[in-house]
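Structure first, then comments.
The values are calculated or read from the model by the stated rules, or taken from the named source; none is laboratory data. Given the structure is predicted, the values throughout are model-derived calculations rather than measurements. In this analysis, Cβ positions are derived from the backbone assuming ideal geometry, glycine residues included, and neighbour counts consider all displayed protein chains.
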Amino acid sequence: MEQPKIDNPARRQLVVILLISAVSLFGSYGLFWIAKAGLGWGTTNNGEFVSPPLTTAEIGWRAEDNIELLQDNLWWLWLKTDQCARTCQTALENLKATHILLNRDAERLRIGVTTAGGAEVETVQLLKVAVQKNDLVDGIYIIDPLGNFVFFYPMDTLPKEILADLKRLLKVSQIG
C-alpha cells in the first residue's frame, strides 16, 4: 500500500508554525529569567527604594508644630539631617522648588524637616518633624500617605530627579 504524500507547501507551513511557537515560547521564557536575574534592565526611578521597609510609626515620627497635618492623606518629602550646613539649605531650597513645580498636585504633598541639636532652618511652609529613633541615614525621603518610606535620595540629588519620581508616584497613586 502506498502512503499518501503530504505536499511540500503544507509541510513547510506546519514547520513554520511550530518554529514560530517554539521561538516565542523559549524567547519569553528566556526574557523572564533574564529579568528575574536583573540583567539588562534597570528601573525607571531615580531614588533608591528604602530597604528594609520602614514606616513612620517605627521611628516615632511626629509633628512638632501641627499634628493634624500628619493625619491628612498626604505624601511627604522629608529632609533628615544632623547638621544643617550649606548642603542642607540648598536641599531645602530644591525641595521647595520641587513642591512648586508639582503645580496642581502640590496640595497632595508636604515638606518635613528633622535636624539634630536644634539646628535652625528656615521653616516657611515646612513642618518640623521629630523622631525617636535617629539611626536613619541623612538625606531626602519620599513617604506615602500610609506612612511607608518609599524612596531615599542623597542630599545633593538634583531636584528634577526627585520631581520625576514624585510625578510618577502621584500619577499612579490610589491613596492621597
Is it true that VAL15 is of a type in the set (A, V, I, L, M, F, W, C) and over 30 Å from LYS80 (Cα atoms)? yes
(1) under 21 Å from GLU48 (Cα atoms); (2) modelled with pLDDT under 90; (3) in contact with a strand residue (DSSP E or B) (Cβ under 9 Å, 6 or more places away or on another chain): which one isn't true of ASN148, the others all being true? (2)
Give region 68-98 a look and list any residue that's modelled with pLDDT of 85 or more, surrounded by fewer than 20 Cβ atoms within 10 Å (Cβ to Cβ) and under 21 Å from GLN174 (Cα atoms), or say none. LEU74
Which one of these is modelled with pLDDT of 85 or more, of a type in the set (Val, Ile, Thr) and surrounded by fewer than 19 Cβ atoms within 10 Å (Cβ to Cβ): VAL124, VAL137? VAL137
